[in-house]
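Peer 1: Here you go, one structure.
The values are calculated or read from the model by the stated rules, or taken from the named source; none is laboratory data. Not measured: the values here are computed from a predicted model. Cβ: placed from backbone, ideal geometry, glycine included. Neighbour counts: every protein chain shown. Ligands, DNA and RNA are excluded from the accessible area calculation, which covers all protein heavy atoms including side chains. Shrake-Rupley method; radii C 1.70, N 1.55, O 1.52, S 1.80 Å.
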Amino acid sequence: MIVGQVMGSLWATRKDNKLNGLTFLVIKPLSYNKEAVQRDYFVAADNTGAGIGETVLVTTGSAARTSIAGSDVPVDAVIVGIVDSIEVAHE
């Protein structure tokens, strides 16, 4: 799973019919290493009602498809949780 921050929304008026009714959000993965890592943004379907600026938990691959009704939906990333807090112990 990936912890990320919602950076924006994505709208697509023309898309596969199986994607109708889904909300798409732009996610920036977060890194908790001591070294800053530049990671690419990606799009995830929202299953939680998350909003811009919130920290979210994203699942990918086949687990993403099973979190949405119907495993034939063509998605590979789905927001499955809104993070309340994170604790990370650094050495």
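Peer 1: What figure in square angstrom, to the nearest 10, would you give for the accessible area of residue 40 with a 1.4 Å probe?
Peer 2: Estimated to the nearest 10 Å², residue 40 gives 130 Å².
Peer 1: Determine the dipole magnitude for the chain: charges of +1 sit on the beta-carbon of Lys and Arg, -1 on that of Asp and Glu, nothing else is charged, the reference point is the Cα centre, and the result goes in debye to the nearest 20. Intermediate values should be presented prior to the final figure.
Peer 2: On the way: 7 positive and 10 negative charges, 74 e Å.
So the dipole magnitude of the chain works out to roughly 360 debye.
Peer 1: List the residues whose amide H sits under 5 Å from the amide H of residue 82, counting only those 5 or more places along or on another chain, with H placed 1.01 Å from N in the peptide plane.
Peer 2: It is 57, by chain and number.
Peer 1: Keeping all protein chains in place and using 1.4 angstrom, which order do 18, 28 fall into by accessible surface area, from largest down?
Peer 2: The residues order as 18, 28, largest area first.
Peer 1: Pick out, in residue order, every one of the chymotrypsin sites (Phe, Trp or Tyr not before Pro) in the chain that is DSSP loop and has at most 12 other C-beta atoms within 10 Å; say none if there are none.
Peer 2: Values: sites: 11, 24, 32, 41, 42; in loops: 11, 32, 41.
Loop-located and lightly packed - 11, 32, 41.
Peer 1: If each DSSP helix of 4+ residues adds -39,500 (n - 2.57) and the sum is divided by the residues in the chain, what number results at 222 nm, nearest 500 deg cm²/dmol?
Peer 2: Roughly -1000 deg cm²/dmol at 222 nm, from the helical runs in the chain.
Peer 1: Moving on. D for the chain, whole µm²/s, Stokes-Einstein with Kirkwood Rh over alpha-carbon pairs at 25 °C and 0.890 mPa s: what number?
Peer 2: The estimated diffusion coefficient comes to 177 µm²/s.
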